Amino acid sequence: MNKSEYLYWFIVGCEVAFWAFLLLALVARYILKQIPLSRFFLFIVPMADLLLITFTAVDLRAGTPATFAHGLAAAYIGFTVMFGPIIIQWTDQLFAHRFSDGPPTDTTPKLGWTAVRWELRLWFRSVLAWMITLALLTGLMTYVGQESLPKLIQTWFQIAFFSIISWFVLGPMWSMVFFRRGKPAQLDA
């Protein structure tokens with residue numbers, strides 16, 4: 001197994017750790033009724049990201065040629081930072097509804113300008129996630145000073161550009177083009 005394969009497995013491990021610690025936090029909060037323990041597990045959730053970026057930097061600093069896996073590690077962190085809070089809030093609402101008689105989870109708006117605004121917010125988060133990703137890769141390049149990193153960063157800039165355009169077309173633009181209004185109110189006769 002080469003070094004980049006280890007990094008892929010480490011990324012998968014961080015994703016598993018994210019969900020495992022989130023699940024442990026929710027079980028501690030809603031089933032065991034242990035709020036301090038729940039907070040502790042929620043505190044650990046972002047530690048996986050810090051561990052991943054540290055491992056990536058150390059791996060590159062040790063002389064490992066930059067691979068797609070190094071860029072993927074940065075992308076994972078960027079998207080976790082921007083979409084992790086939404087995921088945590090949604091799962092918290094789900095557990096609160098299931099185990100503590102909380103209100104049902106908010107549903108994604110599907111009609112009108114509310115849906116368009118929702119899609120624009122998600123798209124904007126994706127733009128910020130890519131900015132974080134590219135900033136991390138640029139920071140790694142500065143820290144490591146490796147010759148193979150600029151080519152990797154160029155590849156990830158292209159991926160980010162096409163991802164942002166695709167997300168806009170399939171998200172906000174789709175909502176605007178297929179703008180659906182709710183059912184018209186009926187008049188009582």
Legend entry - For region 1-86: rounded, prolate or oblate by the Cα gyration tensor [a/c cutoff 1.5]: prolate
Legend entry - Computed accessible area, Ile165, all protein chains, 1.4 angstrom probe, square angstrom: 80
Inset, instruction - Would you mind checking the tilt of helix 3-26 against the longest principal axis of the Cα atoms of the chain, expressed as 0 to 90 degrees and rounded to 10? - result: 40
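Can you figure out the FRET efficiency of Ala20 with Met131, using R₀ = 30 Å and their beta-carbon distance, to the nearest 0.05? Can you show the working numbers first?
Working: r = 28 Å, r/R0 = 0.94.
Efficiency, from the Cβ-Cβ distance: 0.60.
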Inset, instruction - Rounded to the nearest 10 degrees, what's the angle between the helix 112-144 long axis and the longest principal axis of the chain, both from Cα atoms, 0 to 90? - result: 10
Legend entry - On Cα atoms only, tilt of 47-61 relative to the major axis of the chain in degrees: 30
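The values are calculated or read from the model by the stated rules, or taken from the named source; none is laboratory data. The model shown is predicted, which means the values in this text are computed figures rather than measured ones. Here Cβ is always computed from backbone atoms with ideal geometry, including for glycine, and neighbour counts include all displayed protein chains. To get the accessible areas, we keep the full protein, side chains included, count just its heavy atoms, and leave off ligands, DNA and RNA. Shrake-Rupley method; radii C 1.70, N 1.55, O 1.52, S 1.80 Å.
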